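So the structure is just underneath, and the comments pick up after that.
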Amino acid sequence: MPSKPTTVPCQYRVGKTLGSGTYAIVKEAVHIKTGKYYACKVINKKLMEGRENMVRNEIAVLKRVSSGHRNIVTLHDYFETAHNLYLVFDLCTGGELFDRICAKGNYYEADAADLVRTVLKAVKYIHDGGIVHRDLKPENLLFRSKAEDADIMIADFGLSRIMDDEKLELLTEICGTPGYMAPEIFRKIGHGKPVDIWAMGVITYFLLCGYTPFDRDSQQEEMEAICRGDYKFEPVEFWANVSETAKSFVSYCLTIDPANRPTAAQALQHPWLSDATPHFVADPESPSGQANLAPGIQKQFNAKRTFRKTVLGIIASSRLSSVTGHPLSERHQAFAKDLQEYKESSEREVVDGVRST
């Protein structure tokens, strides 16, 4: 937990709820003196009793990555009230990655490659700083603004960890969003930075077709498919307009053995991202000469989003405990039970407390 703050008048006015994260809600906030808007991650103090290390860890991670890269959200401040902690971030108003893609009339493979290249460079920056994100997914890729050339930002470092020496430390807890989790997480054999590269492979697959490679009817089947690396570029009609080079990049990232999986630097050297000439399937009827991926992606993504929701990390762990043979502790069971109540309490609070300097 952060050190006890100096008592000064609160400098923010907190407004509407923007969304819900793994352990917190996210609200809009305005700095009273400057009028500048931010996003505030609101964490209920009762939720953190006995778990203060979670907040300490997130702040330590954010201090390492903040203001160091244009495609990573910045932690600007934190303050606390009698009931909650508030972490103050960039307010990204451009929406989530797939909402933006689905709103576009034209979307080409070269656009997907540009997005993946940009995000992967930010992942490399994170990894070079000794950080593993552990929850990379489209919902955590936000645009800074609604401008056409707005920066895409990696957000939500709540599950991230500092790993300065991976030879001495591997993480073993199950966490993340199931469809994007690497095999070694499910197997509990120890994991580190390679899990982010696996997630980039899943994201790239999603960017090219609108659905995830390991999507199955049940979470048990999904986990088993991930552990086997069981995916295909099917149905054929949804992949006919995607180059073999793009498929090769996906397969490169989805290497089952983390020891053989590429690093972020190596993945950036793959021809799909490094070649000067973009890779694509030609379409003589398209104004750009490239096949337009937007119609197929919009159809698939909109169908899936009606029932596929983001899974909270702790809830995911709870569901996965039965299939991995590692039941949750009583403390974690109580945490899952009380989570929604604490978040609703946080949402109701009117900010009139103190902040840290």
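The values are calculated or read from the model by the stated rules, or taken from the named source; none is laboratory data. Just so we're clear, the structure is a prediction, and the values are computed from it rather than from any experiment. Neighbour counts run over all protein chains shown; Cβ positions are idealised from the backbone, glycine included.
The table for this structure:
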item	result
Residue, surrounded by the fewest Cβ atoms within 10 Å (Cβ to Cβ), within segment 35-50, restricted to residues that are closer than 16 Å to His83 by Cβ and of a type outside the set (A, V, I, L, M)	Glu49
Gly325 vs. criteria out of contact with any Lys or Arg (no Cβ under 7 Å at 6 or more places or on another chain), at pLDDT below 95 and in the same structural domain as Thr118 (by TED's automatic domain parsing)	no
Contacts under 7 angstrom Cβ, first residue in segment 98-113 being within 25 Å of Ser248 (Cα to Cα), partner hydroxyl-bearing (Ser, Thr, Tyr) and exposed (fewer than 15 other Cβ atoms within 10 Å of the Cβ), 6 or more apart	Tyr108/Ser288
Where Phe206 falls short, out of the listed (1) surrounded by 14 or more Cβ atoms within 10 Å (Cβ to Cβ); (2) out of contact with any Pro (no Cβ under 8 Å at 6 or more places or on another chain); (3) touching a residue at least 24 places away in the same chain (Cβ under 8 Å); (4) not polar (S, T, N, Q)	(2)
Which numbered condition Asp275 misses (of (1) at pLDDT 90 or above; (2) surrounded by 15 or more Cβ atoms within 10 Å (Cβ to Cβ); (3) more than 23 Å from Cys102 (Cβ to Cβ))	(2)
Residue tally, condition in a loop (DSSP other than H, G, I, E, B) and surrounded by 18 or more Cβ atoms within 10 Å (Cβ to Cβ), over segment 229-248	5
The one condition in (1) closer than 14 Å to Arg261 by Cβ; (2) modelled with pLDDT of 95 or more that Ile189 fails to fulfil	(2)
Filtered residue count, segment 126-146, keeping only those that are of a type outside the set (Asp, Glu), surrounded by fewer than 23 Cβ atoms within 10 Å (Cβ to Cβ) and over 19 Å from Asn57 (Cβ atoms)	6
Residues satisfying the stated conditions in segment 140-176, i.e. among the β-branched types (Val, Ile, Thr) and modelled with pLDDT of 70 or more	Ile152, Ile154, Ile162, Ile174
Some residue of segment 217-229 being of a type in the set (Val, Ile, Thr), in the same structural domain as Leu120 (by TED's automatic domain parsing) and touching a Pro at 6+ places or on another chain (Cβ under 7 Å)	yes
Count - residues of segment 233-258 that are without any contact (Cβ under 8 Å) to a residue 40 or more places away in the chain and farther than 19 Å from Phe206 by Cα	1
Residue count for segment 45-85, restricted to those that are polar (S, T, N, Q), within 25 Å of Met163 (Cα to Cα) and touching a strand residue (DSSP E or B) at 6+ places or on another chain (Cβ under 6 Å)	3
Tally of residues being farther than 21 Å from Val116 by Cα and β-branched (Val, Ile, Thr) across segment 227-253	1
Some residue of segment 199-210 being assigned to a loop (DSSP other than H, G, I, E, B), of a type in the set (A, V, I, L, M, F, W, C) and modelled with pLDDT under 95	no
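Conditions tested, residue by residue: (1) surrounded by fewer than 16 Cβ atoms within 10 Å (Cβ to Cβ); (2) over 25 Å from Asp128 (Cβ atoms); (3) of a type in the set (A, V, I, L, M, F, W, C).
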position	(1), (2), (3)
Gly68	yes, no, no
Val73	no, no, yes
His76	no, no, no
Asn84	no, yes, no
Asp99	yes, yes, no
Cys102	no, yes, yes
Glu109	no, yes, no
